[in-house]
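Nothing in this text is a laboratory measurement; each read-out follows from the coordinates by a stated rule. Quick caveat: nothing in here was measured; it's all calculated off a predicted structure. Counting neighbours? That spans all protein chains shown, and the Cβs are built from the backbone with ideal geometry, glycine included.
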There are 2 protein chains.
Amino acid sequence: MTDWFAKHAALIERAAQANAERGAWSPFVESPSAKHHPPGAHAAGRAAFEALLGRPFEIDVPGPVGRVGGEVSPLTGEALGVDYARGDAAAIMDAARRAGAAWADVAPAQRVGLCAELLTRWAGDVFANAYATMHTTGQGFLTAFAGSGANSLDRGLEALAMAHVAMAQVPATADFRRAFGRGPEAHLQKRYRLRPVGVAVVFACGTYPAWNAYPAILANLACGNPVVVKPHPATILPVAMAVRTGRELLREAGFDANLLTLAVDTREDPVGEALLRHPAAAIVDFTGGQAFGAHLERAFAHLQVYTETAGCNAVVLESADDLDAVLRAVAHGLCLFSAQMCTSPQNLWVPAEGVRTPEGVVPFEQVVARLVAAVDAWVAEPAVAAGLCGALHDPRTQDAIRALADGAYPVLRPSAPYAHPDFPNARTATPLILQLEADDRALAQREHFGPMAFVIRAPDRDAALAGATADARDHGAIASYAYTTDDAFLDRTLDAFAAAGASVGVNLVRHLPINFTAAFSDFHVTGLNPAGTACLTDLAFVARRFRVVQSKVEGA
Amino acid sequence: MTDWFAKHAALIERAAQANAERGAWSPFVESPSAKHHPPGAHAAGRAAFEALLGRPFEIDVPGPVGRVGGEVSPLTGEALGVDYARGDAAAIMDAARRAGAAWADVAPAQRVGLCAELLTRWAGDVFANAYATMHTTGQGFLTAFAGSGANSLDRGLEALAMAHVAMAQVPATADFRRAFGRGPEAHLQKRYRLRPVGVAVVFACGTYPAWNAYPAILANLACGNPVVVKPHPATILPVAMAVRTGRELLREAGFDANLLTLAVDTREDPVGEALLRHPAAAIVDFTGGQAFGAHLERAFAHLQVYTETAGCNAVVLESADDLDAVLRAVAHGLCLFSAQMCTSPQNLWVPAEGVRTPEGVVPFEQVVARLVAAVDAWVAEPAVAAGLCGALHDPRTQDAIRALADGAYPVLRPSAPYAHPDFPNARTATPLILQLEADDRALAQREHFGPMAFVIRAPDRDAALAGATADARDHGAIASYAYTTDDAFLDRTLDAFAAAGASVGVNLVRHLPINFTAAFSDFHVTGLNPAGTACLTDLAFVARRFRVVQSKVEGA
């Protein structure tokens, strides 16, 4: 039998080191450039994706009860023509539970090794998966290649290494010798077995299907818990591909493929809660909207509930050495994948007194004008706009943009479609920007998913900071941003966001997308505000997914 | 300012090593023998205890609303005459929250160091605390000295070291440098702050007040969470002493003493749920009965709920090299502190076919007779019985014994008081043993707290194992026991208990009390069966009590 841990030990140990050091590291390739890949890899991946279209997707599920599908590419506007076997919720959970019995007895390190093998196989399928991601989420190719590729593989490996480290802190055995009172020494042989807690249900998200799903899948499998993956009904294909790869590997390795099953559903007939009501359910990993996430946190609080939902991510704009560079960086964040990322900025807090720069204070109105110009610049060139913004995942986002623009608040920048050079039918929209006042900002105290942002005028910089941090604490924030050249204000900013339980990036301008989040380095979601409970990846993300059962036997 | 971590670094590091190795280790003194303590320590401790009697206990509480007390010694039958200020629940929680603000900003290592200092001060007060424990719980002196002394201090240090190790896995800062695409290198300075989650309410248990409370108090304080300790209304004094010592230390170290507060109540007017309904409540650590524990798990599932409740601990008696030695060891477990320990055995599974020994199969009836004789032998001598059994904590336990004896099932051994040589009014009882059949054992599927046990006759050894493990899985078990000389049956036993999520001790006979549980070595409570969710001490016990908030700042 393959020693899966030995095969991947160097990778896992290196990832554990990266988790501990938290600098920049990745073993995966973020760029699709031909020079980083075997000859023909890109074309082969694209062909593999195209071969999937217009036919049933081959994956077996427990208790089949029909087929569902209906995915439509946000880029082409055309149906993918793929359908999937839908399994009965109870049959899926029963099968997962049955599969888990033998898996629980596999040595933790071997489970970790097998998960690492799965990661390498996912990595081998990254071109095909990037196309599947594009044509379900609406991401541009580069976004999809990095997003469903290296960035998500990194997060998966990060969680896997964290699970390994947590499990490795429990020795397999111990020798216990001590005397009680004046008696001779007692001698016990102790053994510690790590046991899973039950079946995990992983809800993958519609716009970034792999980023949270890979860590959850791998952390669960590594700790011995069978996994049922429930994709978003509009973004099934990339998830189904990953699950099928996993099932093939499990089968090949001699395990029950139902350790990793796919549970598809439709918006009209969702399966998620039926899965969670099954007595075998022990864990739910959810990425998606705040309303349903909060419902799961309440209704299934007796399970382990790991959520990443949404917040109202703020930018506090206090002062800048190079204001236009700052506005360009922020505008990039407003455009990137049409702000359909959990780290996209939404609420831009600008003091009414203006923003201080080396050239003097730039008045509020001018800051706004230059911000709008910066956004305009990013979307002026269709090819640039296409690569940057991609398309809108959900047709309802267009309605949301329209409703917001037609509302009571001044429009600083209207949204409009841009002409996608490759996909003339792509569902596109450039950022809508409204203006709000700090004391009339209820609209900004929730996430508007898509290219919708608010400039919030605050009486002064301290009011801006206070408002941004209060909203993070009370309504959630996954990423927050601040720009300041004032060291004292910087310190106050760091302390205020820390006190609000929200992470913050300061003066992010040069040479990186502001909302890039690095596995092994950035902790993603704090668990201290309403944006979710699941931190990628802290010890708390993994430490409860297994428990210790011990035996002690007297004698030699 | 004192560098508390430096002062105790060697102790904490050694404890962390012990946690990782899990052999026998303790830095505390388990024996009250004069040779291990400074001259006069015992007498001084006893005098300190006696000086507390018959007067108000001096401890300040937020929002005082009167005084409660009413503790009665189970040994003397006399009221202690001590009363305590009762605080208003909201005032206590508000004060704890306020105190937490500055504490959250203290470096984690300094909080850990201060907690270690608190442990050493508790250790310095161990004689007085042992007397307070005796005269509230009913424990004998030796039991109380070890139980509220070294054994609980060990568990506290174990949890503290685990919290330290978990927090130390997050570096304080990191330097992030990487290039995106073809751009120059981006450079971010990252900082990771560990933040508390909120106020923790620790429910201490009536019979073993320090064992679970010390780990919970220290894990919470170390991770930055203010702690409100709610003692059992019949066992306030030893807890109040420990809290007062902690408040004195906090004040002396320059912190708000309301980081550690005492919330006393009465059985008629309990305060626990009011504390937990306060919006500052984030964590509950509960040790006590299964009904209230399960209620907390359900009603407060939105908090972090750590419970240790109760199970129906089994002994599977399959075969023995020295049957009388085995029965003596089991009988000792039935007697020790009148089976008022979470690890006390209750359900003795004996195959109808008898127990195999080198001298042949001992028939069921003879096994029972020899077990009864073994119990009789332990309690024959009043001085031995007194040291071993102590007294009944709760007067209602006598009613429970009576009701059980008068029930429908055959009494194998009646319970009777024994004459305590030192305390003629002590509330004493020797073990009651009933006989049940495996297929009519509902009575045994819950904990009977106190000296009540069942011999359950099983059709054969496999039925005994199946019944014991099914009950552990379905009704809970904190400790389970098995005796077998058959290697194949031993393997089946270990696997069956592991599959049931229950820890098991096998062939525990010689030189130790069978239900002794060693900090740093034994994981206590698995979290996989209904006996509780809080394992002393795994990573899961500490990893969620803090979260990470990060900042990243561009530039050098």
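See the values below:
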{"item": "Label 7 Å beyond Cα on the Cβ vector: B:Glu50 copy-to-copy distances, nm", "result": "9.6"}
{"item": "Over region B:226-344, relative contact order from alpha-carbon pairs under 8 Å, at least 6 apart, %", "result": "18"}
{"item": "Between 0 and 90°, nearest 10: helix A:213-222 axis offset from chain A longest Cα axis", "result": "20"}
{"item": "Using a 7 Å Cα-to-Cβ projection, B:Gly254 label spacings across copies, nm, ascending", "result": "6.2"}
{"item": "Cα gyration tensor shape for region B:314-506, rounded if a/c is under 1.5, else prolate or oblate", "result": "prolate"}
{"item": "Relative contact order of chain B, pairs being alpha-carbon contacts under 8 Å that are 6 or more residues apart, as %", "result": "18"}
{"item": "Using alpha-carbon coordinates, inclination of helix B:323-335 to the longest axis of chain B, degrees", "result": "60"}
{"item": "Dipole in debye (nearest 20) - region A:314-506, about Cα centre, beta carbon charges: Lys, Arg +1; Asp, Glu -1", "result": "600"}
{"item": "Karplus-derived HN-Hα couplings along region A:444-457 (A = 6.51, B = -1.76, C = 1.60, θ = phi - 60°), whole Hz, x at Gly and Pro", "result": "8, 8, 8, 7, 10, 7, x, x, 9, 9, 10, 8, 9, 7"}
{"item": "Ranked list, fewest to most other Cβ atoms within 10 Å of each Cβ, for B:Met93, A:Met341", "result": "A:Met341, B:Met93"}
{"item": "Selection from A:Pro451, A:Val202, A:Val375, by position along the positive dipole direction of chain A (Cβ)", "result": "A:Val202"}
{"item": "Peptide ranges A:70-77, B:75-82 listed from the most packed, as the mean C-beta count within 10 angstrom indicates", "result": "A:70-77, B:75-82"}
{"item": "Dipole magnitude of the protein assembly as shown, debye to nearest 20 (Cβ charges: Lys/Arg +1, Asp/Glu -1, about Cα centre)", "result": "680"}
{"item": "Region B:17-98, dipole about Cα centre (Lys/Arg Cβ +1, Asp/Glu Cβ -1), debye to the nearest 20", "result": "160"}
{"item": "Per-residue average of Cβ from other chains inside 10 Å of A:9-21", "result": "1"}
{"item": "Proxy reagent accessibility, fewest Cβ within 10 Å first, across B:Thr469, B:Thr245", "result": "B:Thr245, B:Thr469"}
{"item": "Three principal axis lengths of chain B [C-alpha, angstrom, descending]", "result": "81, 67, 47"}
{"item": "Degrees between helix B:89-104 axis and first principal axis of chain B (Cα, 0 to 90, nearest 10)", "result": "60"}
{"item": "Relative contact order %, region A:152-203, counting alpha carbon pairs below 8 Å whose residues are six or more apart", "result": "27"}
{"item": "Shielding by other protein chains, A:535-547, mean Cβ within 10 Å", "result": "6"}
{"item": "Among B:His524, A:Val553, A:Ala540 - extreme Cα towards positive end, dipole of the protein assembly as shown, charges at beta-carbon", "result": "A:Val553"}
{"item": "Cβ neighbours within 10 Å from other chains - mean over A:168-179", "result": "5"}
{"item": "Local electrostatic count at A:Ala488 - Lys and Arg +1, Asp and Glu -1, tallied over other residues with Cβ under 15 Å", "result": "-4"}
{"item": "For B:Gly289, inter-copy label distances in nm, listed shortest first [label point 7 Å out on the Cα-Cβ vector]", "result": "4.4"}
{"item": "Cross-link reach list, lysines versus A:Lys7, counting only Cα pairs under 28 Å and skipping chain neighbours closer than eight places", "result": "A:Lys35"}
{"item": "Burial order of peptide ranges A:451-464, A:17-30 (average beta-carbon count within 10 Å, highest first)", "result": "A:451-464, A:17-30"}
{"item": "Most to least packed among A:421-430, B:315-324 [average Cβ atoms within 10 Å]", "result": "B:315-324, A:421-430"}
